[in-house]
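Colleague: Sharing a structure below in structure tokens format, with a few things to ask.
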Ligand SMILES: [Zn+2]
């Protein structure tokens with residue numbers, strides 16, 4: 001798993017991200033690249049998904065859920081960085097904050113809120129709510145899989 005150096009990672013806090021999203025709305029179209037990665041090796045083995053920064057238990061691999069046909073999605077941001085998110089039905093270790101915004105969303109019909117680690121406040125992804133079941137889009141580089149069984 002490669003790690004994007006923190007200082008080049010653009011989504012450092014919510015206000016920066018909101019600015020980026022506003023710019024992106026009127027700028028470059030977003031690109032949703034389908035990943036070919038096979039997540040089927042997760043099936044049947046429930047693993048703890050932990051915060052890569054502090055190790056707090058965030059969610060479980062059994063909560064992985066398909067959104068628009070895929071459990072993982074990659075996006076370009078306006079700076080050309082690609083990042084990958086994985087979709088989870090629940091993420092009890094996340095704290096979601098801010099007013100849900102539908103102004104711009106990678107997922108049509110869904111509004112997003114910032115989701116941070118409830119333990120260390122590291123930005124882990126977004127909570128998407130809207131048409132259909134809500135889900136968390138967690139940034140793959142910000143979480144890791146624990147070998148401990150739940
Ligand atoms: Zn944490």
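Colleague: Out of the residues in the stretch 91-110 that are outside any strand (DSSP E or B), at pLDDT 90 or above and in contact with a strand residue (DSSP E or B) (Cβ under 6 Å, 6 or more places away or on another chain), state the one that is surrounded by the most Cβ atoms within 10 Å (Cβ to Cβ).
Modeller: Of all residues in the stretch 91-110, those outside any strand (DSSP E or B) come to 91-93, 102-109.
Pick out the ones that are also at pLDDT 90 or above and you get 91-93, 109.
Then drop every residue that is not in contact with a strand residue (DSSP E or B) (Cβ under 6 Å, 6 or more places away or on another chain), which leaves 91, 93, 109.
On the way: 91: 24, 93: 21, 109: 11.
Looking at residues that are outside any strand (DSSP E or B), at pLDDT 90 or above and in contact with a strand residue (DSSP E or B) (Cβ under 6 Å, 6 or more places away or on another chain), I get 91.
Colleague: Answer yes or no as to whether residue 136 is over 22 Å from residue 53 (Cα atoms) and in a strand (DSSP E or B). Lay out the reasoning, then the answer.
Modeller: Details: over 22 Å from residue 53 (Cα atoms): no; in a strand (DSSP E or B): yes.
Spelling it out, it is not the case that residue 136 is over 22 Å from residue 53 (Cα atoms) and in a strand (DSSP E or B).
The rows are residues; the columns are (1) at pLDDT below 95; (2) closer than 18 Å to residue 136 by Cα; (3) more than 16 Å from the ligand (Cβ to nearest atom); (4) in a strand (DSSP E or B).
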position: 1; (1), (2), (3), (4): yes, no, yes, no
position: 44; (1), (2), (3), (4): yes, no, yes, no
position: 48; (1), (2), (3), (4): no, yes, no, yes
position: 59; (1), (2), (3), (4): no, yes, no, yes
position: 78; (1), (2), (3), (4): yes, no, yes, no
position: 84; (1), (2), (3), (4): yes, yes, yes, yes
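Colleague: Further, regarding this structure: Does at least one position in the stretch 105-112 carry a residue that is within 16 Å of the ligand (Cβ to nearest atom) and on the phi < 0 side of the Ramachandran plot?
Modeller: Checked against the condition, which is being within 16 Å of the ligand (Cβ to nearest atom) and on the phi < 0 side of the Ramachandran plot, the stretch 105-112 yields no hits at all.
Colleague: Related question: Sort out which residues of the stretch 128-150 are away from the ligand (no atom under 16 Å from the Cβ) and closer than 23 Å to residue 68 by Cβ, and write them in order of number.
Modeller: Those that are away from the ligand (no atom under 16 Å from the Cβ) and closer than 23 Å to residue 68 by Cβ: 128, 129, 130, 131, 132, 133, 134, 135, 137.
The values are calculated or read from the model by the stated rules, or taken from the named source; none is laboratory data. Quantities reported herein were computed from a predicted structural model and do not represent experimental measurements. Every residue, glycine among them, receives a Cβ derived from its backbone with ideal geometry; neighbour counts consider all protein chains shown.
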